[in-house]
1. Taking the criterion of being closer than 30 Å to residue 14 by Cβ and in contact with a helix residue (DSSP H, G or I) (Cβ under 7 Å, 6 or more places away or on another chain), would at least one residue in region 27-43 satisfy it?
2. Among the listed residues 30, 53, 66, identify the single one that is surrounded by 11 or more Cβ atoms within 10 Å (Cβ to Cβ), at pLDDT 95 or above and on the phi < 0 side of the Ramachandran plot.
3. Could you list, in sequence order, the residues of region 60-80 that are in contact with a helix residue (DSSP H, G or I) (Cβ under 7 Å, 6 or more places away or on another chain) and under 16 Å from residue 27 (Cβ atoms)?
4. Hey, residue 16 hits all of (1) under 26 Å from residue 78 (Cα atoms); (2) surrounded by fewer than 10 Cβ atoms within 10 Å (Cβ to Cβ); (3) modelled with pLDDT under 95 but one; which does it fall short on?
5. What number of residues within region 15-37 satisfy the criterion of being closer than 18 Å to residue 80 by Cα and in a helix (DSSP H, G or I)?
6. How about region 38-63: which of its residues are closer than 23 Å to residue 83 by Cβ and in contact with a strand residue (DSSP E or B) (Cβ under 6 Å, 6 or more places away or on another chain)?
């Protein structure tokens, strides 16, 4: 999916910028591939060990989706950047 960042195509409204941003806590993390596979009930036969090891070795920087969702709610911001849970096996995503 490509999202157009061009300002000429976007309606701008009141966003609680600093109130929202100041509640965010940046984190660094590594993916726990075993925990992800367990959460999604992925059988070992479908897991790709080499790919998972490569992904687990990467140190990512970002935000925890639950905390972003809480920050938005705390300032009354209907933030479109959080994909909420649809099913019990889903994960919240930013």
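The values are calculated or read from the model by the stated rules, or taken from the named source; none is laboratory data. Quick caveat, the model's predicted, so the values are computed rather than measured. Quick reminder, even Gly has a Cβ in these numbers, built from the backbone with ideal geometry, and neighbours come from all protein chains shown.
1. no
2. Among 30, 53, 66, only 30 is surrounded by 11 or more Cβ atoms within 10 Å (Cβ to Cβ), at pLDDT 95 or above and on the phi < 0 side of the Ramachandran plot.
3. The answer is 71, and nothing else.
4. (2)
5. Total meeting the criteria: 5.
6. Result: 60, 61.
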